[in-house]
Amino acid sequence: MKFITVKTYEELSKKAADIIAAQIILKNDCVLGLATGSSPVGTYKNLIKKVENGEISFKNVTSVNLDEYVGLDGSHDQSYRYFMNDNLFDHVDIDKSKTYVPNGCAADLKKEGEAYDELIKSLGGIDLQLLGIGLDGHIGFNEPDDFFTAATHSVTLDPSTIEANSRFFASKDDVPKSAITMGMMSIMQAKRILMVANGKAKLDIIKKAMEGPVDPRVPASILQLHPDVTVICSEN
Ligand code: F6R
């Protein structure tokens, strides 16, 4: 596991974008696993700049996102499909038909999960998975539990996650109570993993996840079993 600690969010975002850009340059038809939340926003801004400058192209890239709220369709401004379009896809030359986000409105979420795992398999797996980390140690929406779940599945969000994400909604009551998330198998089978964690508040959970025991109560601790993880943390 490689740790990069930087002072500012700007530095974190630049470094993360440089790593993703290198992946695209090395394999222009790569499969990127992408994340939402506040941490990767600056990374996406830097990637957009790189496309505008002609340094990289998303023309042949496929993306698979980690998760989606249950009950929000892509037109809802807090859905993760909307977030991805707004923060990245609408501003780069990606073929949107090759951008995948789990369908949080699927009638049968179990089937949706199975289909999502099959899709990732059929793409040949993920070349680089971008992750954030929740204050409770979640990755994707794999919340603390008694066991790790391998498959894409629906989850009840932890009260601390609902609290943390309420900053994006009009009120806490508007935050969906459940989500569908890629499970640990697709995440851990990614060839490389890049985690971005912004701000002092994340430092404790990062330390616990990366230096403590591998424990499903700290979901990100499973990353200790992956051979190629880079964690970029900013101090401010
Ligand atoms: C988002 C996701 C979540 C976030 C995490 C951190 O797709 O899967 O695990 O990465 O909740 O969110 P921020 O970056 O907003 O602190």
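Read-outs: derived from the displayed coordinates by stated rules, not from any lab. Because the structure is a prediction, the values reported are computed rather than measured. So basically every Cβ, Gly included, is an ideal-geometry build from the backbone, and we count neighbours across all protein chains shown.
With the alpha-carbon atoms of the range 108-178 aligned to their principal axes, the span from lowest to highest coordinate is 39, 27, 27 Å, starting with the largest.
Based on DSSP H segments of at least four residues, each scored -39500 (n - 2.57), the chain has a per-residue ellipticity at 222 nm of -9000 deg cm²/dmol.
For the chain, relative contact order (Cα pairs under 8 Å, six or more residues apart, normalised by length) works out to 26 percent. Pairwise alpha-carbon distances in the range 139-236 exceed 18 Å for 52% of all pairs. Projecting the Cα atoms of Gln224, Thr152, Leu130 onto the dipole axis of the range 122-233, where Lys and Arg carry +1 and Asp and Glu carry -1 at the beta carbon, places Leu130 farthest toward the positive end.
In this label model, Ser75 and Ser57 are separated by 3.4 nm, measuring between points 7 Å along each Cα→Cβ vector. Here the calculated FRET efficiency for Lys27 and Glu114, from their Cβ-Cβ distance with R0 = 35 Å, stands at 0.80, rounded to the nearest 0.05.
The alpha-carbon atoms of the chain, seen along their principal axes, cover 45, 39, 36 angstrom, with the largest extent given first. When only the Cβ of Lys, Arg, Asp and Glu is charged (+1, +1, -1, -1), the dipole of the chain relative to its Cα centre reaches about 660 debye. In terms of the mean number of neighbouring beta-carbon atoms within 10 Å, the peptides 198-205, 38-45, 127-134 order highest first as 127-134, 38-45, 198-205.
At 24 angstrom or more along the helix axis (alpha-carbon based) and mean Kyte-Doolittle of -0.5 or higher, what helices does the chain contain? Whole DSSP H runs only. Sorted by number, the helices that extend far enough and score high enough are 9-26. Within a straight-line Cα-Cα reach of under 25 Å, Lys2 can be paired with the following lysines, leaving aside sequence neighbours fewer than 8 residues apart in one chain: Lys14, Lys15, Lys27, Lys45, Lys50, Lys191, Lys200, Lys202, Lys207, Lys208. Here the range 1-103 is treated as an ellipsoid with the same Cα gyration tensor; its semi-axes, largest first and in whole Å, are 22, 17, 12. Short-range pairs are left out: with C-alpha atoms under 8 Å and at least six residues apart, the relative contact order of the range 1-134 is 30 percent.
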